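None of the figures in this text is laboratory data; all of them are computed from the coordinates on show. Source: prediction; values computed, not measured. Note that each Cβ is placed from the backbone with ideal geometry, even for glycine, and that neighbours are counted across all protein chains shown.
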Amino acid sequence: MVAASDDEGDRAIFLLLAAQLWQADESIGLHACLAAAGGVPRRGLRDHLCQELGAALAARRTDRDSRRRAAERYTAALDFIAALTPRVRLARSAGAAQQRRPREDEALRSAGGFLLTASHAKGECRRAQEEFVSVAARHLPDLVVRLGSSGTSFAFFEVSGLGDSAVTLEALFEAMKSSGDGFRHVRRVWPFDGVCSTSMQAVAALVKQLAAATLSDPTDVAIQFHSTGLHTRGPSHPSREEYIAAIGDALPPGQQVNLSSPAMVIHVRMFDGRCGVCVRPSSQNLDCPTCHEAVYAKCSSDQLYYRLNANCRCVPAEQMEGCALPDTASELDAWQARLAGAVSATPSSSSIGSGVDAGQDRDRRLGRQLHVAAAERQVVALIELSRSVGLLDFSTVEFGAGRGTLTDGIHAASAAKHAVRVLVDRDRARGGTCQYTNDSRFMEGFALRLRIDIRNLWLPGVPELQGCRVVGIGKHVCGCATDYALRCLCSTSELPGQSEALPPPESEEEAALVLKTFSRAARKELARRLGGENFAPLSLREQVRLLRSTEPPHVAGVVIALCCHHRCTWESYCNPEWLEAHAVPVADFHLICRMSMWAASHPAGSLGASRQSLGRSCKHFLDAGRRDYLARHGFNAAIVEYCSREETQENRALVATRAQ
């Protein structure tokens, strides 16, 4: 087409256009190739090319014939682009392959670094990066870090000349703990001794290189493999099992796989098209020191509903010894019989279980045919569950609310549009992920969001809920958060040691000082309930009396989807009497929490099915204690399957209604 052009100026224009298509950093040429390959180009792209060619031709010719020729040249340019597209694609793929090959070889020789994660809130990852660099410069001045890559919620820092990344990170954390520092924005930090591409050969080669120096003697090892989005890379991409098999083959001979109590752990984590590897002892604790508790307490400690450790026993666990997981068939059977006997001896509530089974008819009614996301179907299932037990038209408190999708769904399905909706979460973002904020409480549409740890939430102190009938809800409230929520819902009266009647203020001046201890929201709520005409003539002493004698909320029921039982702790579990009645000491409780992970992990080997069954029994045992706790506080409680196991492995919910 270029050779057929007689005008040298037009020839130059098309040569410039062809050169632009070959430049990898020019998005116009790439988009033009893709649009031409797809058939008819997009309207905006067509107009853009026409304007460029027309402007170039009009610079030399301004008559009508020139504009007509520009339109003809534009049509010819599209044909030229379509013919050039296959060559451009092949050349670019060859160039990319040439660039990737030295990168993989270089990755095997490169030092490692640190991968840190942060919240999805706007600007939070940038704050986490600045904080990590500042902390590293303060506590380890010889450590030079350089930002390698970053995303919306993660950042990878490369460190040159790094010997053992795990030891370096442990030294950094210990220095932070000794000085009393803690991260405000960084959530987690992972050490890597080496980074390579995600190809299975490169990962196996890097593991072989690192393990040769660390695992010189035969020992017990375990492989912890974390990946994101492998199922979206196509059928040709290796599966998780193939990665683990290749890593196992790369280990030195004589190593024994021990998933229960390994001496060394090989951590393999994929991120941003790369893979990081670290080999460290399993006993090396790399918990990221954070000051989240201090931050949450600082932002909400002046609120009426904040009471430190209101929902936690704060009983430190004793030193645990001999916490080896059961590894034989006889040990598994003994644990299974012990837990099954405790669960079967618990009386079940017959008034709750009707109408909330997880049958196929209800799943079909919940909207499987709508092809919505599994998380949305779970929300719909919890809404239907609330409706079936008559808890849909009350005010709600959503624990671990996140974005508040469950509250949104209940508010849309409920007929009580004026009911109070409260979202409780420690997240510092507005709406879970939308906007960073330091406010401790703020309105989010029709809902009130409280930024507070559930362990410190005293429900009668929330002025908007005083005198209301409340239902505690939650979707996948992890581990100890569920126990905190149950204690919060069952402690609607004054806490021990704080129920003594306070002396009334003796003067208006003293009453004015006392009123400053109440939140502005509490005073506004009192004025709203009394009405402006009744509130205005009240004296300050009378306002103090009414604020101190406000009626607490009445908890009508509980609908909480359960999950992550392995995160339960001895200090937070809501029913220690249940553990004492079934002779479960601290060590056994710790084992029960650890074994509960087997329920959803599909353990391999000849004892895999037995381990999975025992993991479910551990979950049932912990949930039975929670049900017994609610029964002792006047609720009819039950554990039900609110959706099918195909939707989620954590398909059980705790449902309770107030006994009449």
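Couplings 3J(HN,Hα) of region 464-476, computed from phi: 5, 9, 5, x, 8, 8, 10, 10, x, 10, x, 10, 6 Hz, in residue order, whole Hz [Karplus 6.51 cos²θ - 1.76 cosθ + 1.60, θ = phi - 60°; x for Gly and Pro]. Each peptide in 193-205, 131-143 was scored by the mean count of other Cβ atoms within 10 Å over its residues; highest first, the order is 193-205, 131-143.
Highest-first packing order for the peptide set 633-643, 477-487, 584-594 is 477-487, 633-643, 584-594, based on the mean count of other beta carbon atoms within 10 Å. The phi-based Karplus calculation (6.51 cos²θ - 1.76 cosθ + 1.60; θ = phi - 60°) puts the 3J(HN,Hα) values of region 184-189 at 9, 10, 6, 8, 8, 10 Hz, whole numbers, x for Gly and Pro.
All C-alpha pair distances within region 537-595, sorted into 5 Å bins from zero, spread as 4, 13, 15, 13, 9, 9, 8, 7, 8, 7, 5, 2, 0 percent across the bins.
Taking amide H as placed 1.01 Å from N in the peptide plane, the amide H of Phe635 sits under 5 Å from that of Ala659, each at least 5 places away or on another chain. Summarising the amide proton neighbourhood of Glu444: residues at separation of 5 or more, or on other chains, whose placed amide H is nearer than 5 Å comprise Arg449. Remark on Ile473: its backbone amide H falls under 5 Å from those of Val397, Glu398, Phe399, Val559, a criterion applied only to residues 5 or more positions apart or on other chains, H modelled at 1.01 Å from N. Per-peptide packing, taken as the mean over residues of other Cβ atoms within 10 Å, places 555-568, 167-180, 401-414 in the sequence 555-568, 401-414, 167-180 from highest down. Computed from phi, the 3J(HN,Hα) profile of region 622-635 under the Karplus parametrisation 6.51, -1.76, 1.60 (θ = phi - 60°) reads 5, 5, 5, x, 5, 5, 5, 5, 5, 5, 6, 9, x, 10 Hz, with x in place of Gly and Pro.
Projected onto their three principal axes, the Cα atoms of region 590-660 cover extents of 50, 28, 13 Å, largest first.
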